[in-house]
Each structure stands twice: as structure tokens, then as C-alpha cells.
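Student: Here's a structure for you.
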Amino acid sequence: MLRYLTAGESHGPALTAIVEGLPAGLPVEAEYINHHLARRQQGYGRGKRMTIEQDRVRILAGVRGGKTLGSPVCLQIENRDWENWSETMDPGPGARTDDRVVTRPRPGHADLAGVFKYGHRDVRNVLERASARETAARVAAGSLARRLLEELGVEILGLVVRIGKVEVEIRDLPRDVLRARIAESRVMCPDAVASLRMLEQIDRARDEGDSLGGVFEVRAYGVPPGLGSYAQWDRRLDGRLAGALMSIQAIKGVEVGLGFAGAALPGSAVQDEIFHDPERGFYRSTNRAGGIEGGITNGETVVVRAAMKPIPTLRRPLKSVDLVTRTPAEAAFERSDICAVPAACVIAEAVLAFELARACLEKFGGDSLDELLDNHRRYLQRVREGSWAPCAT
Ligand code: EPS
């Protein structure tokens, strides 16, 4: 069973992820993970913190000579900002817990609900872990899953389709064109004109001391049919993907395929009709289902979308109440991102990759990469030949 945990505070010494359940023999390099960590840090609209950090992974366990051992993989990313916070955030008894105390919770952040729950007096004890800084560790963990999926011929591609009011309709572009256009955009949007309008809008929000949310899409090409199951609620892959995406800080809505738009259409305009061709086997001419039917992948591209709310830390702060004096106060502000939608898109790629890799390992098994690839190849062959059910009733 593939699983991961992360640990680490935003201004603590480091973030850590432990990934367990990867097969042995998977080629893994720090530079591959670093590439995706760097992508998460980019994106127009990020704040000053990103000029301090330069996320790089240290592989501490589970990999030898560039290949996984089948044992837990431990990944660490240092927080460069730690040197500015080492006295305040010191894990030892000498920590300056009277320093940089936060008592004015930010509406929309975990601040107030977190102090209720854990009984903290200092909101910092909440925000340090609730912070989206944690997602660097998730991207590192997800990169390993992504690496595994590559071995199975799966490519993950994320794109931004809305920032604030600027929305773009993505035509069905060939994958290469789409990939290239996303790479050219500073907001991961494949439409050059819309990208510019998104940048302008982010500038305006910055000037106004405000923040912006948006919508992104993540596609997984080459996913084998048969991942997930209808047999039990918690095995349905769409539910699992939605849960993974909703667990990303500030994500407030998830769609699979047509999603909400499908609710307004007749059934004949929502389902994907089935065809067969001796060359291609079974196929669809549309993919409104987003590659999942009955909680199972159907062999088409998996397509999910998620909505991110605007970041709650605002330079022009919202109304709050001071926890000590119980009097009206402005919410705390030190610094913030203006828009982190492109970053969230990279994080979504990572969590989607993790869930898909997990589903692949459930389906194909294998303690070594060779065993996994063998099982995967034989299964695909059976599906292609139409001989997947030799003992069916
Ligand atoms: C975040 C607040 C900001 C963001 C941070 C998420 O950090 P700071 O409080 O240090 O300025 O930059 O995101 C990251 C550090 C990151 O790596 O993505 C928050 O409160 O959620």
C-alpha cells in the first residue's frame, strides 16, 4: 500500500515527507524532484517568501545508487527562512515563544478554528502547520509517484483555466502543443492572451492589497483502464481523487470531467458513447466523464478541475477580533502571496499522481518495478485483445 506523511512547520528547520510502499528498483534522482519543487515556487503572483526559499530535496532514506530499495523513502526540504526564525521556532525549551506572537486571527485561514481546537494562545502555533508551505513536501512525495507513473506510460499535465474573472476555454489541443504553451506562460495558462490578462489582474490585486483565486485542470494521459472500483464507496477513484484535491490548502471545489456543467445538460449530451475498432479496441469519441465511470478509470484521459479561493492573508486586512483583548482588530499581516493558483496546480499534479500511483499498485501489485511492469503489460495486452474475461459467466 502506497502512502505518505509530511511533517514540518512553515518557519521550522525543514519539511519532511516519508513515502512508503514504492516498489524497489524505481529510478529516482533528487534533480527530478527539485524540478517539480521549483515549478511549485514559480507562477506570477507569489510573495516575498519565495525569494527567500529555493526548495531542494535531500533524500535521506530508501534510495541507493539512484534506485528505490523498497523501504520507506525519507525526503527533506530545508526552510531557508529558518535562520530568521531559529530562536522563535526553536523546538527546545529555550524557544522565544514570546516573540512574534499572533493574536489577530485571519478570516478564512485555520487561525481561529485552530486555536479553538488545540487550545493554543498563540495563533502562530496553528498557522505554522496550516500554512501552504507544507505543500512543498507533498510535491516532493508526489514526484516519486509521478516518476513511477512515467514508467507505466502515464503523463500528468496541469493547466490554469481561470484566475479571478479571467477565464479561458481550452480547445482540444494536441498534448505537445498544450505542454509547450503551458511552459511558456507565467501562470501555466495555455492561452497567451488570457495569460497576459491574468498577469494584469494579479498586478491590480497587488496594488489594491487584495488576493485572487482561480481554477485549474489536471489531466493524466495514458492511465490504464480498471483503476479504482465501484465495489465499495472508499474504493471509487473519483471520490479518492476529489478527496486528495480538496485536501490542498484553499481548494473549495472539485469537478471530474464535465462536473457541474453536466448537471444542466440532458443525459444524451453527457455520456460518452462506446465504439470499437480492430486497431484501437474500445474507444470513445468524447471524454465528458473525465476518464472515470462507476469509480473506475475507463482508459480515457483522466481530467479533474479544482477551484481555489483567494488567499486569506491580505495586505488590506479584514475585520477580526484580538484574542487577548476581545476587541475589534485588523487581521494579522506580515507578507503574503497575491495569487498562488499556478502553485496549487503543481501541487494538484502531485496529489493526483500519488493517488493514481496508489491505484496502479493496488491493481497491478509488485514489490519490484520489474514485477509491476510485467503485470501491467500482461493486463493491457488482455484488455487490448478483448480476452480480459476468460472465465466470465
Ligand atoms: C502561507 C504564507 C506565506 C506563503 C506560504 C503560505 O508564507 P510566509 O508566511 O512565510 O510569508 O508564502 O507559502 C509558502 C511558504 C510556500 O512555500 O508555498 C500561508 O499562510 O499559507
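The values are calculated or read from the model by the stated rules, or taken from the named source; none is laboratory data. Small disclaimer: the values here were computed from a predicted structure and weren't measured. FYI the Cβ positions are ideal-geometry reconstructions off the backbone, even for glycines, and counts take in every protein chain you see. Calculation scope for accessible area: heavy atoms of the full protein, side chains included, ligands and nucleic acids excluded. Shrake-Rupley method; radii C 1.70, N 1.55, O 1.52, S 1.80 Å.
Student: What FRET efficiency comes out for Ala95 versus Arg326 if R0 is 25 angstrom and r is the Cβ-Cβ distance? Round to the nearest 0.05.
Tutor: On the way: r = 27 Å, r/R0 = 1.07.
Calculated transfer efficiency: 0.40.
Student: Oh, and also: Return the carbon/sulfur percentage of the accessible area of segment 221-318, one whole number, probe 1.4 Å, all protein chains in place. Please list the in-between numbers first.
Tutor: On the way: 2860 of 5180 Å².
C and S fraction of accessible area: 55 percent.
Student: I would also like to ask the following. I need the calculated FRET efficiency for the pair Val193 and Phe275, taking r as the beta carbon distance and R₀ as 30 Å, to the nearest 0.05.
Tutor: Working: r = 36 Å, r/R0 = 1.19.
Rounded to the nearest 0.05, the efficiency is 0.25.
Student: Continuing with the same structure: How much length, in nm to one decimal, is gained on full extension between Val177 and Glu20, taken as 0.36 nm per residue of separation minus their Cα-Cα distance?
Tutor: Extra length available between Val177 and Glu20 comes to 53.0 nm.
Student: So for each of 143-149, 294-300 I average, over its residues, the number of other beta carbons within 10 Å; can you give me the resulting order with the highest mean first? Each step should come with its number before you reach the end.
Tutor: Working: 143-149: 24.9, 294-300: 20.0.
Put in order of decreasing packing, that is 143-149, 294-300.
Student: Given the convex hull over the Cα atoms of segment 243-393, what projected area results after averaging over all orientations, in nm²?
Tutor: Working: hull surface 62.5 nm².
Value for segment 243-393: 15.6 nm².
Student: Explain nothing, just the number: relative contact order of segment 3-385, from Cα pairs under 8 Å at least 6 residues apart, as a whole percent. Don't skip to the end; give the middle numbers.
Tutor: Numbers: 781 pairs, mean separation 86.2, N = 383.
Rounded, it is 23 percent for segment 3-385.
Student: Related question: If you roll a 1.4 Å probe over the heavy atoms of the protein chains, what accessible area per residue do you get for segment 3-385, in Å²? Provide the component values of the computation, followed by the final result.
Tutor: Working: 18870 Å² over 383 residues.
I get 49 Å² per residue for segment 3-385.
Student: Go through 29-40, 336-347 and give me the packing order, highest mean Cβ count within 10 Å leading. The partial results should precede the final answer.
Tutor: Details: 29-40: 18.1, 336-347: 26.9.
The densest-packed peptide leads the list: 336-347, 29-40.
Student: Also: In terms of the ratio Rg/(2.2 N^0.38 Å) built on C-alpha atoms, what value belongs to segment 62-149?
Tutor: Values: Rg = 17.2 Å, N = 88, 2.2 N^0.38 = 12.1 Å.
Cα-based Rg divided by the globular estimate yields 1.43.
Student: For Phe216, which sequence-distant residues (separation of 5 or more, or a different chain) have an amide H within less than 5 Å of its own amide H, given hydrogens modelled in the peptide plane?
Tutor: Val161, Ala306, Met308
Student: Still on this structure: In square nanometres, what is one fourth of the surface area of the convex hull spanned by the alpha carbons of the chain?
Tutor: Details: hull surface 88.3 nm².
Taking the Cα atoms of the chain, their convex hull projects to 22.1 nm² on average.
Student: Using the alpha-carbon centroid of each, what span in Å lies between segment 46-96 and segment 4-33?
Tutor: Each part reduced to its Cα centre gives a spacing of 10 Å.
Student: Still on this structure, I have one more. Report, in deg cm²/dmol and to the nearest 500, the calculated mean residue ellipticity at 222 nm for the chain, where each DSSP H run with n ≥ 4 adds -39500 (n - 2.57) and the sum is divided by the residue count. Could the numbers behind the result be given before it?
Tutor: On the way: 11 runs with 129 residues, N = 393.
That comes out to -10000 deg cm²/dmol.
Student: Please report the accessible area of Phe354 (heavy atoms, 1.4 Å probe, ligands and nucleic acids excluded) in Å², nearest 10.
Tutor: 10
Student: Would you kindly state how much longer the chain becomes between Met1 and Met246 on full extension, computed as 0.36 nm times their sequence separation minus their alpha carbon distance, in nm to one decimal?
Tutor: On the way: separation 245, 0.36 × 245 = 88.20 nm, distance 2.15 nm.
Length gained between Met1 and Met246: 86.1 nm.
Student: Next question. Given R₀ = 41 Å, what would the calculated FRET efficiency be for Ile170 paired with Lys67, taking r from the Cβ atoms and rounding to 0.05? Walk me through the numbers before you get to the answer.
Tutor: Details: r = 37 Å, r/R0 = 0.91.
About 0.65, to the nearest 0.05.
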